[in-house]
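Structure, as structure tokens:
The values are calculated or read from the model by the stated rules, or taken from the named source; none is laboratory data. Everything numeric in this text was worked out from a predicted model, so none of it was measured. Positions of Cβ are generated from backbone atoms using ideal geometry, with glycine treated the same way; all protein chains shown enter the neighbour counts. Remember, those area values only see protein heavy atoms, side chains included, never the ligands or the DNA or RNA. Shrake-Rupley method; radii C 1.70, N 1.55, O 1.52, S 1.80 Å.
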Amino acid sequence: MGLDIGTKTIGIAVSDELSLIAQGLFTLKRKGLQSDIRELEKLIEEHSVEKIVIGLPKNMNNTLGTSANMVLSFIEELTKSVDLPVVTWDERLSTVAAERALLEADMSRKKRKRVIDTVAAQLILQGYLDCQQRLKNKP
């Protein structure tokens, strides 16, 4: 499962059974930390999730800012409730890439706003899956 965690929403994506292709699920409107975690627990069970990949919004100079610290706090709370490996993935520019893809698809601003976080989660998860495949196929 891939997550793009924001202050108001969480973009959610899952992979296929072979861990090759990420697919965006939806964007969860945040209602509070414990409520958000309960919703994620339901999705984890429903989709038989084995690992969670969470985008870590680093600054362009590779430092961690306010958003990254918020994500790390979220991970800390999530790992208290969920007994799965949680890894972070550098998500710099993932939202920019998602926005560009949606613009190229000629999607209206209103529709882009509804799906941008889901697409960002999909890009985060796909980047992680692609990296794992390259590592697996290295001689």
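Of note:
- Restricting 88, 63 to those that are modelled with pLDDT of 95 or more and open to solvent by less than 90 Å² (accessible area, probe 1.4 Å) reduces the list to 88.
- For the condition open to solvent by less than 40 Å² (accessible area, probe 1.4 Å) and under 22 Å from residue 126 (Cα atoms), residue 37 does not qualify.
- Selection status of residue 79, part of a strand (DSSP E or B) and at pLDDT 90 or above: no
- Scoring residue 136 on the criteria (1) at pLDDT 90 or above; (2) farther than 19 Å from residue 6 by Cα; (3) of a type in the set (D, E, K, R) leaves a single failure, condition (1).
A quick yes/no check of all residues on (1) open to solvent by less than 50 Å² (accessible area, probe 1.4 Å); (2) in contact with a Ser or Thr (Cβ under 6 Å, 6 or more places away or on another chain); (3) free of Cβ contacts under 8 Å to residues at least 12 places away in the same chain; (4) among the acidic types (Asp, Glu):
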| site | (1), (2), (3), (4) |
| --- | --- |
| 6 | yes, no, no, no |
| 9 | yes, yes, no, no |
| 12 | yes, no, no, no |
| 15 | yes, no, no, no |
| 23 | no, no, no, no |
| 28 | yes, no, no, no |
| 32 | yes, no, yes, no |
| 43 | yes, no, no, no |
| 54 | yes, yes, no, no |
